[in-house]
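> Below you will find the structure I want to go over with you.
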There are 2 protein chains.
Amino acid sequence: MTDLVLRPIGRVESVLRDRADAPRQGDEGAPDAWLDLDGQYAPALDGLLPGAQVLVLTWLDRADRDTLAVRPRGAADRAVTGVFQTRSPDRPNPIGLHRVTVTAVEGTRVRVAPLEALDGTPVLDLKPVLGGVDDR
Amino acid sequence: MTDLVLRPIGRVESVLRDRADAPRQGDEGAPDAWLDLDGQYAPALDGLLPGAQVLVLTWLDRADRDTLAVRPRGAADRAVTGVFQTRSPDRPNPIGLHRVTVTAVEGTRVRVAPLEALDGTPVLDLKPVLGGVDDR
């Protein structure tokens, strides 16, 4: 059995510096960003080309992991919702899930857009979008 | 900064017992399964109802984390692809991403379908599907 310790594969390089600047989701005006991956992961990127639709998984390292309920945007006064019914970064395992388009690949640096993750955010994984599973 | 150690929020209860039995993706004949969450996470489930479309994140604990390239199904002989271009469970951070429908909620037990994760698989997170982000 694998342990439950994540291995960051790289970091986000972005103009977004703190949570107050960041849009809540990538489709709300998030910028382009670089995924700067460690060189050891070059074989894992084999086949990745500009234009690819990719799911990027990140570790939202400025999140509060003890938050279990939040007041979402647009909710009625004092209405709270369980975090598993929101996309809040504050949750027990703050894994960010970002659907992006790859715009450039330079060695183990991957340019993507749009990405609402902050500068320095650890990157955990890239997965291809599968139409039958992710879009149904 | 949060550490990089995951906190399992519960486990999968499924008739699928090993990798040889499991379909590759949920839309390939995967069964219904229970997510048996720890009681402490009840507030995080607040608002979850049958019919909800949810992304379940799991920790694929029988994966090989040192695999960086694989030979996908249907690929030409000897063609290998970087794992970041596949949905193979074998990857540096074996986080499973499963789009499911909630069919029942009983306390902190959540029935979902379809789910290709194996019995005993740690559950990490539930997120609502967002049409604008996940389906575009």
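What follows is calculated from the coordinates using simple rules that are stated; it is not laboratory data. Predicted, not measured: the structure shown is a model, and the values here were computed from it. Note that each Cβ is placed from the backbone with ideal geometry, even for glycine, and that neighbours are counted across all protein chains shown.
> Can you pull the mean other chain C-beta count within 10 Å for peptide A:117-128?
That works out to 3 on average.
> Calculated from DSSP H runs of 4 or more alone, at -39500 (n - 2.57) each and per residue, what is the 222 nm mean residue ellipticity of chain A, nearest 500?
-500 deg cm²/dmol
> Could I ask something else about it? Of the options B:Ser14, B:Pro50, A:Leu126, report the single residue whose Cα projects farthest towards the positive end of the charge dipole of the protein assembly as shown (beta-carbon charges: Lys, Arg +1; Asp, Glu -1).
B:Pro50
> Inside 10 Å of the C-beta atoms of A:52-64, what's the mean count of C-beta atoms belonging to other chains?
The mean count of partner-chain Cβ atoms within 10 Å per residue comes to 2.
> Below 8 Å, C-alpha to C-alpha, sequence gap of six or more: please give me the relative contact order for chain B in percent.
On the way: 276 pairs, mean separation 54.7, N = 136.
The normalised contact order for chain B reaches 40 percent.
> Could you tell me which of rounded, prolate or oblate describes the protein assembly as shown, using a ≥ b ≥ c as the square roots of the eigenvalues of the alpha-carbon gyration tensor, with rounded for a/c under 1.5 and, failing that, prolate when a/b is larger than b/c and oblate otherwise?
Oblate.
> Assuming R0 = 35 Å, can you tell me the calculated FRET efficiency for the pair A:Ala113 and B:Arg19, based on Cβ-Cβ distance, to the nearest 0.05?
Values: r = 35 Å, r/R0 = 1.01.
That pair, A:Ala113 with B:Arg19, gives E of 0.50.
> Could you compute the net charge surrounding A:Asn93? Neighbours are other residues with a C-beta less than 13 Å from the C-beta of A:Asn93; K and R count +1, D and E count -1. Mind showing how you got there, number by number?
Numbers: positive: A:Arg65, A:Arg91, B:Arg7, B:Lys127; negative: A:Asp61, A:Asp64, A:Asp66, A:Asp90, B:Asp3, B:Asp38, B:Asp125.
Counting the neighbours of A:Asn93, the net charge comes to -3.
> Run a plain Debye calculation on the stretch A:10-129 (Cα atoms as equal point scatterers, no solvent) and give log10 I(q)/I(0) at q = 0.11, 0.14, 0.24 Å⁻¹, rounded to two decimals, same order as the q list.
Relative scattering, expressed as log10 I(q)/I(0), comes to -0.38, -0.60, -1.41.
> So, counting K/R as plus one and D/E as minus one, what does the shell of residues with Cβ under 13 Å around A:Trp34 add up to?
-2
> Roughly how many debye, to the nearest 20, is the charge dipole of chain A about its Cα centre, given +1 on each Lys and Arg Cβ, -1 on each Asp and Glu Cβ, and no other charges?
Numbers: 17 positive and 21 negative charges, 79 e Å.
In debye, rounded to 20, chain A gives about 380.
> Is there a simple number for the mean count of other chain Cβ atoms within 10 Å of the Cβ of residues in A:80-91, and what is it?
On the way: counts 3, 6, 9, 8, 17, 11, 4, 7, 1, 0, 0, 7.
If you average over the peptide's residues, the count of other-chain Cβ atoms is 6.
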